[in-house]
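Encoded as structure tokens, the structure appears first; notes follow it.
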Amino acid sequence: GAMQAIDVSFSSWEYARVANCDLADNFLTVAQVSYAGGATWIGGRLMSPTSTGLQFVIEQAGVPGHLGGNKLYPDVGGDPSPVGPVWYTVVWERVWTASDHDVHMKQVDTNGVLRSASPTTLENTIVNTSHPRISKSDGRDAGTSSQFWGVVWQRTFSPTDEDIYGTYVSWDGQPLATG
């Protein structure tokens with residue numbers, strides 16, 4: 001198909017990721033967004049093969065219900081189920097302090113509406129966690145107990161000790177135990 005612009009504004013969209021929800025026949029692009037080197041947040045834009053939707057805020061400090069701190073390195077998982085309800089799940093790294101970064105998530109419906117203003121915490125310890133990634137799909141078993149996204153991230157214990165942690169998130173946004 002023809003190329004479509006995700007962003008042509010004066011803001012900076014970086015680290016873009018994309019996923020699909022089959023039922024809606026659309027895609028969600030997410031990115032780390034900022035204006036002229038200022039605070040960073042997570043933005044999104046829905047697109048279909050024939051149209052481009054409006055940009056919207058997924059998580060930004062100062063918005064009611066959203067948490068403080070810069071938001072970095074987003075990723076998004078889609079849903080291939082042919083039966084609803086279906087959601088995109090977006091993960092990102094939140095900067096709380098210079099040595100304490102956390103991993104959060106939100107779900108977005110196929111119209112670009114957030115399921116909740118407040119994010120869900122996947123990792124919120126006092127150690128530095130970074131670079132979350134989510135699987136592109138949660139499986140085809142529409143709304144069943146076997147439909148999960150896999151989410152992983154890096155955890156820093158010392159300059160010479162980096163480990164990988166992860167969890168599963170159910171189709172309806174419920175994280176399981178971290179391990």
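Numerical summary
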quantity	calculated
Considering residues of region 38-58 that are of a type in the set (Gly, Ala, Ser) and at pLDDT below 90 only, the residue surrounded by the fewest Cβ atoms within 10 Å (Cβ to Cβ)	51
Count of region 59-78 residues which are open to solvent by less than 30 Å² (accessible area, probe 1.4 Å), closer than 10 Å to residue 117 by Cα and hydrophobic (A, V, I, L, M, F, W, C)	0
Looking only at region 12-37, and only at residues there that are more than 24 Å from residue 110 (Cβ to Cβ) and over 14 Å from the mean Cα position of the chain (by Cα), the one that is least open to solvent (accessible area, probe 1.4 Å)	34
Residues of region 134-166 satisfying the condition of being basic (Lys, Arg) and buried (at least 18 other Cβ atoms within 10 Å of the Cβ)	155
Of the criteria (1) charged (D, E, K, R); (2) buried (at least 21 other Cβ atoms within 10 Å of the Cβ); (3) modelled with pLDDT of 95 or more, which one residue 109 fails	(2)
One residue from 103, 169, 86, 90 being in contact (Cβ under 8 Å) with a residue 12 or more places away in the chain and either open to solvent by 10 Å² or more (accessible area, probe 1.4 Å) or assigned to a loop (DSSP other than H, G, I, E, B) (or both)	86
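A quick yes/no check of all residues on (1) of a type outside the set (Asp, Glu); (2) under 25 Å from residue 56 (Cα atoms); (3) out of contact with any helix residue (DSSP H, G or I) (no Cβ under 6 Å at 6 or more places or on another chain):
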site: 102; (1), (2), (3): no, yes, yes
site: 120; (1), (2), (3): yes, yes, yes
site: 127; (1), (2), (3): yes, no, yes
site: 151; (1), (2), (3): yes, yes, yes
site: 165; (1), (2), (3): yes, no, yes
site: 174; (1), (2), (3): yes, yes, yes
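The values are calculated or read from the model by the stated rules, or taken from the named source; none is laboratory data. Fair warning: this is a prediction, and the values are worked out from it, not measured in the lab. Counting neighbours? That spans all protein chains shown, and the Cβs are built from the backbone with ideal geometry, glycine included. All accessible areas refer to the heavy atoms of the entire protein, side chains included, with ligands and DNA or RNA removed. Shrake-Rupley method; radii C 1.70, N 1.55, O 1.52, S 1.80 Å.
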